[in-house]
Amino acid sequence: MHKTNERELKPVMDSITKLLAGVKPEIAMMEDHDVNNNRIEVTTKRNGADFKTTINYEFVISAEFEELRRLWSDLNVFGTAPYR
């Protein structure tokens, strides 16, 4: 594993684990040899089908990810998801 970005990805991985605890996802930090970094792979199941989401280091340090964090924080004033 690349230690340089593992410390940035670990809190994201922990948050995903906590957020998706009810659906029991498979979450793993993987080495991405193509870009010489790590990535998080999240696999969930819905109606018997696997859905894989990949979150890479470049996304975690992007402005878009920071905006998603800000929006998530703003939504938390309404309580925890799921909203009905």
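A few remarks follow.
- Qualifying residues in the range 58-70 (those that are surrounded by 10 or more Cβ atoms within 10 Å (Cβ to Cβ) and of a type in the set (A, V, I, L, M)) - the one nearest to LYS10 (Cα to Cα): VAL60
- As for the range 49-69, it holds at least one residue that is without any contact (Cβ under 8 Å) to a residue 12 or more places away in the chain, more than 17 Å from the chain's Cα centre (by Cα) and outside any loop (DSSP other than H, G, I, E, B).
- Subset tally (residues that are surrounded by 11 or more Cβ atoms within 10 Å (Cβ to Cβ) and among the small types (Gly, Ala, Ser)) for the range 34-57: 0
- Residue within the range 17-33 that is farther than 23 Å from ASN5 by Cβ, surrounded by 12 or more Cβ atoms within 10 Å (Cβ to Cβ) and hydroxyl-bearing (Ser, Thr, Tyr) present: no
- All positions within the range 1-34 that are hydrophobic (A, V, I, L, M, F, W, C), over 13 Å from VAL60 (Cβ atoms) and in contact with a strand residue (DSSP E or B) (Cβ under 9 Å, 6 or more places away or on another chain): MET1, LEU20, VAL23, ILE27, ALA28, MET30
- Considering each residue of the range 26-44 in turn, none proves to be in contact (Cβ under 8 Å) with a residue 40 or more places away in the chain and either on the phi > 0 side of the Ramachandran plot or aliphatic (A, V, I, L, M) (or both).
- Odd one out for ASN38, checked against (1) touching a His at 6+ places or on another chain (Cβ under 6 Å); (2) modelled with pLDDT under 85: (2)
- Only residues that are assigned to a loop (DSSP other than H, G, I, E, B), under 25 Å from ASN76 (Cα atoms) and of a type outside the set (D, E, K, R) were counted in the range 1-48, giving 2.
The values are calculated or read from the model by the stated rules, or taken from the named source; none is laboratory data. This is a predicted model, so every value here is computed, not measured. So basically every Cβ, Gly included, is an ideal-geometry build from the backbone, and we count neighbours across all protein chains shown.
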